[in-house]
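A short worksheet on the structure shown next.
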Amino acid sequence: FLGAISTMRQALEKGGEREWVAWFNLGNIYQNRGMYYESIQAYRVAHGLTTEPNLDILVNISSGYIFLGQYDEAQETLSYILSIEPQELRALHNEAMILHLQREYDKALLAYDAVLAIDSSFAQSHFNKGHAFTALKRFREGAAAYERYLQIEPDGPYATRAKTRAEALRKEGN
């Protein structure tokens, strides 16, 4: 981890400080390590170096704010993204996550469904629906949501958790 940051810092010092992609990559390193404040700062520099809005940068900024629990800042960024691209799935999903994290599970489920109405294969919304259904003690629906995630991304980053949770919910629902 420290080696990756050191390498990125060296690249920045050797002229990369004017390249948005260098700052974006540094933001990714920070975000992957849970250093959300630092990631937002790097992404903001990257965004400032682009000539047009970059949705990848903006979505990552919103995600950083969500992980920090700064939902107003996240929503402001998401509103901007959606003014540019109204059907940006990652932004719509992040809006659903804000509701989810605020424990507004019924609203979150509707928001995840809005994402899935655009693209039924957006796996992360299925996974998060599983969690929301579980919080509402709707175990069969939760299991089905996790199983749908597994159908779409059998080797995805949350596959082990989805499988474990689906099995537990199937037992709970019987």
So for R0 = 22 Å, FRET eff. of Asp113-Arg170 from the Cβ-Cβ r, to 0.05, ends up at 0.50
About its Cα centre, the chain carries a charge dipole, from +1 on Lys and Arg Cβ atoms and -1 on Asp and Glu Cβ atoms, whose size in debye to the nearest 20 is 760
Taking a cut-off of 30 Å, what percent of all Cα-Cα pairs in the chain are separated by more than that? 26
Residue-ordered couplings for region 41-56, obtained by feeding phi - 60° into the Karplus form 6.51 cos²θ - 1.76 cosθ + 1.60 and rounding to whole Hz (Gly and Pro as x), are 4, 5, 5, 5, 5, 4, 4, x, 8, 8, 8, 10, x, 10, 5, 4
Can you tell me the FRET efficiency between Glu104 and Ile152 if r is taken as the Cβ-Cβ distance and R0 is 30 Å, rounded to the nearest 0.05? 0.75
Using a ≥ b ≥ c from the Cα gyration tensor of region 65-116 (square roots of the eigenvalues), is it rounded, prolate or oblate, where a/c under 1.5 gives rounded and otherwise the larger of a/b and b/c decides, a/b for prolate? oblate
Average accessible surface area per residue within region 76-174, 1.4 Å rolling probe, Å²: 55
HN-Hα J couplings of region 140-151 from phi, Karplus 6.51/-1.76/1.60, θ = phi - 60°, integer Hz, Gly and Pro as x? 5, 5, x, 4, 5, 5, 5, 5, 5, 4, 5, 5
Rel. contact order, % - alpha carbon contacts under 8 angstrom, at least six apart, region 14-107: 19
The answer for the net charge of residues other than Glu141 whose Cβ lies under 11 angstrom from its Cβ, with Lys and Arg +1 and Asp and Glu -1, is +4
Per the helix-only calculation at 222 nm, which mean residue ellipticity applies to the chain, given -39500 (n - 2.57) for every DSSP H run of n ≥ 4 and division by its residues, nearest 500 deg cm²/dmol? -25000 deg cm²/dmol
In the chain the accessible area split gives carbon plus sulfur, as whole percent at 1.4 Å, a share of 50
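The values are calculated or read from the model by the stated rules, or taken from the named source; none is laboratory data. As the structure is a prediction and not an experimental result, all values here were calculated from the model. In this analysis, Cβ positions are derived from the backbone assuming ideal geometry, glycine residues included, and neighbour counts consider all displayed protein chains. For the accessible areas, the whole protein counts, side chains as well, though only heavy atoms, and no ligand, DNA or RNA atoms are used. Shrake-Rupley method; radii C 1.70, N 1.55, O 1.52, S 1.80 Å.
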